[in-house]
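The values are calculated or read from the model by the stated rules, or taken from the named source; none is laboratory data. This is a predicted model, so every value here is computed, not measured. All Cβ positions, even for glycine, are placed from backbone atoms using ideal geometry, and neighbour counts span all protein chains on display.
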Amino acid sequence: MIVRPYRQSDAPALALIFRRAVSETAARFYSAEQIAAWLFDPPEAGDIHEKNSDGRQALVAVDSNDAPCGWIDLESNGHVDMLFVSPDWVGRGVASLLHTELVRRAHELGIKRLFVEASEGARPIFGHFGFRLLQRRDFDLNGTPTHNYAMEKLL
Ligand SMILES: CC(C)(COP(=O)(O)OP(=O)(O)OC[C@H]1O[C@@H](n2cnc3c(N)ncnc32)[C@H](O)[C@@H]1OP(=O)(O)O)[C@@H](O)C(=O)NCCC(=O)NCCS
């Protein structure tokens, strides 16, 4: 497993990872209605490529065949927008590898604060990475009440 910069050819695999990560992994922490709302309009490969081409850092963890297992991103203001790992790889340290590389990039870019809206399942994992809880966020997603957690890590 290595972490490398995102490439356009990764986009279809990342779109699939997003859907599976939400419908299989995140579904352990949210109701069926909340998962359906999250997947109401999921990002297609083109959306993911557009996002990852807007100047943000996008890092992809790949297996020995260069197949994506998960990815993370970092916007120039320190916001971590996406962290998704394939259910086939969950619990095997992929997110840890991605986070370590992300912090290295953030240091290079002079970013002093990382922040994220962590899902219920990701909250303890970001906590393990040294993020502190700021507040629970309750909001409406495509007509369904749901929640996540604002967290930050000072570098
Ligand atoms: C959240 C998610 C990205 C984590 O990915 P992962 O690859 O399974 O995570 P890892 O195996 O790298 O675990 C990360 C670290 O957290 C630790 N950890 C795992 N569960 C933990 C828990 N409940 N409490 C504290 N630490 C925990 C692990 O031990 C590991 O630390 P280590 O590498 O120092 O041993 C993945 O479960 C996922 O894609 N979930 C669905 C989508 C989602 O909710 N994404 C987040 C959107 S904000």
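Residue-wise test of (1) surrounded by fewer than 18 Cβ atoms within 10 Å (Cβ to Cβ); (2) under 16 Å from the mean Cα position of the chain (by Cα).
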| site | (1), (2) |
| --- | --- |
| 37 | no, no |
| 42 | yes, yes |
| 47 | yes, yes |
| 60 | no, yes |
| 63 | yes, no |
| 67 | yes, no |
| 71 | no, yes |
| 81 | yes, yes |
| 87 | yes, yes |
Inset, instruction - Out of the residues in segment 103-128 that are within 14 Å of residue 78 (Cβ to Cβ) and near the ligand (Cβ under 7 Å from one of its atoms), state the one that is surrounded by the most Cβ atoms within 10 Å (Cβ to Cβ). - result: 116
Inset, instruction - Say whether the condition of being of a type outside the set (S, T, N, Q) and surrounded by fewer than 18 Cβ atoms within 10 Å (Cβ to Cβ) is met by at least one residue in segment 95-102. - result: no
Inset, instruction - Answer yes or no as to whether residue 56 is closer than 20 Å to residue 118 by Cβ and away from the ligand (no atom under 13 Å from the Cβ). - result: yes
Legend entry - Complete set of residues in segment 1-25 that are of a type in the set (Lys, Arg) and closer than 14 Å to residue 43 by Cβ: 19, 20
Inset, instruction - For residue 77, work out the one condition from (1) surrounded by fewer than 14 Cβ atoms within 10 Å (Cβ to Cβ); (2) under 25 Å from residue 23 (Cα atoms) it doesn't fulfil. - result: (2)
Inset, instruction - Check off (1) of a type in the set (Gly, Ala, Ser); (2) within 21 Å of residue 25 (Cα to Cα); (3) outside any helix (DSSP H, G or I) for residue 130 and give me the number that stays unchecked. - result: (2)
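To keep it simple, each residue is scored yes or no on (1) β-branched (Val, Ile, Thr); (2) modelled with pLDDT under 95.
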{"residue": "103", "(1), (2)": "yes, no"}
{"residue": "113", "(1), (2)": "no, no"}
{"residue": "137", "(1), (2)": "no, no"}
{"residue": "142", "(1), (2)": "no, yes"}
{"residue": "151", "(1), (2)": "no, no"}
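Conditions (1) free of Cβ contacts under 8 Å to residues at least 12 places away in the same chain; (2) within 19 Å of residue 118 (Cα to Cα); (3) aliphatic (A, V, I, L, M), marked per residue:
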position: 17; (1), (2), (3): no, yes, yes
position: 25; (1), (2), (3): no, yes, no
position: 31; (1), (2), (3): yes, yes, no
position: 36; (1), (2), (3): no, yes, yes
position: 45; (1), (2), (3): no, no, yes
Inset, instruction - State which residue pairs qualify: first residue under 14 Å from residue 82 (Cβ atoms) and part of a loop (DSSP other than H, G, I, E, B) and inside segment 115-127, second residue of a type outside the set (Phe, Trp, Tyr) and more than 6 Å from the ligand (Cβ to nearest atom) in any location, beta carbons under 7 Å apart, and separation of 6 or more residues or different chains. - result: 119/148
